[in-house]
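A quick write-up on the structure given underneath.
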Amino acid sequence: MCEKVISDFDMTLTRFAHNGKRCPTSYSNSPLKFSLQLKELLNKYYPIEINASLSVEEKLPLMVEWWTKAHELLLQQEIRKDLLAVVVKESEAMLRDGYKLFFDHLQEHSIPLLILSAGIGDILEEVIRQAGVFHPNIKVLSNFMDFDESVEERMQFHLDSYDIVLVKDETMEVPNAVLRYLTGIQLTDTTM
Ligand SMILES: Nc1ccn([C@@H]2O[C@H](COP(=O)(O)O)[C@@H](O)[C@H]2O)c(=O)n1
């Protein structure tokens, strides 16, 4: 019996294609406004990634160029954390045939599964979660997105933390400070 399994994700645990159509990677997996550009980047750079006649030195700057461009697009999309599940649900990403047996078997035998991926961790975890096999024996080392707190989260934190009583305060300083905190917007004109 093996002690642990280490695997990458895109096109290893997921399918490369389905019904003759290329499946998305965790990068290109998005029905968001730049999905076409992300797919174009994949079409341009993936052949370079798998080109066995190119050296690592030749590939490296091009791979950096690839993910720099992809990250710029992702940043512009203003992705919402709460919509990731919808993005994955509507996508054509799918785990390979036999995935359930593979994931369940490792879990049943307490064999750790370490997934190392140059893709996007938030997306790949969601793919595994929606397939119903994101077991506790799985550890993912990947690129995870940083999300700004939403206004709702800030509001809840604020409500949980403070009670403010204003007695005879006719300035707008406290309300403005609270508003700045909640929205993350810097108000330069305090008379607004
Ligand atoms: N901007 C990018 C960068 C990489 N990819 C593809 O995702 C794969 C990474 O996932 P692994 O789980 O295989 O490490 C990588 O091999 C590229 O093919 C991409 O689509 N867009």
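So how many Å³ per residue does the convex hull of the Cα atoms of the chain work out to?
Given the Cα convex hull of the chain, per-residue volume reads 181 Å³.
Pairs of Cα atoms nearer than 8 Å and 6+ residues apart set the relative contact order; for the chain it is 25 percent. Of the residues TYR27, TYR45, the one with the fewest other Cβ atoms within 10 Å heads the list, and the complete ranking is TYR45, TYR27. Annotation: amide H of ARG96 within the under-5 Å range of THR14, ARG15, sequence separation 5 or more or interchain, hydrogens built in the peptide plane.
Counting each DSSP H run of 4 or more residues in the chain as -39500 (n - 2.57), what helix-only mean residue ellipticity at 222 nm follows after dividing by all residues, to the nearest 500 deg cm²/dmol? Result for the chain, helices only: -14000 deg cm²/dmol.
Taking the fewest neighbouring Cβ atoms within 10 Å as the starting point, the ordered list for LYS21, LYS59 is LYS21, LYS59. Take the Cβ-Cβ distance between ASN143 and ASN176 as r, set R0 to 35 Å, and report the resulting FRET efficiency rounded to the nearest 0.05. That pair, ASN143 with ASN176, gives E of 0.45.
Computed extension length for THR68-VAL86: 4.0 nm, one decimal, from 0.36 nm per residue of separation with the Cα-Cα distance subtracted.
Order by neighbour count: SER35, SER150, fewest other Cβ atoms within 10 Å first, most last.
Exposure proxy ranking, most exposed first: SER150, SER35.
Relative to the current alpha-carbon distance between GLN37 and ALA118, full extension at 0.36 nm per residue lengthens the span by 27.3 nm. In a reduced charge model with +1 at each Lys and Arg Cβ and -1 at each Asp and Glu Cβ, the chain shows a dipole moment near 860 debye about its Cα centre. Computed from the C-beta positions of GLU57 and VAL5 and an R0 of 30 Å, the FRET efficiency is 0.45 to the nearest 0.05.
Where a number appears in this text, it was derived from the coordinates with a stated rule and is not lab data. Please read all numbers here as calculations on a predicted model, not as lab measurements. Every residue, glycine as well, gets a Cβ built from its backbone with ideal geometry; the counts of neighbours run over all protein chains shown.
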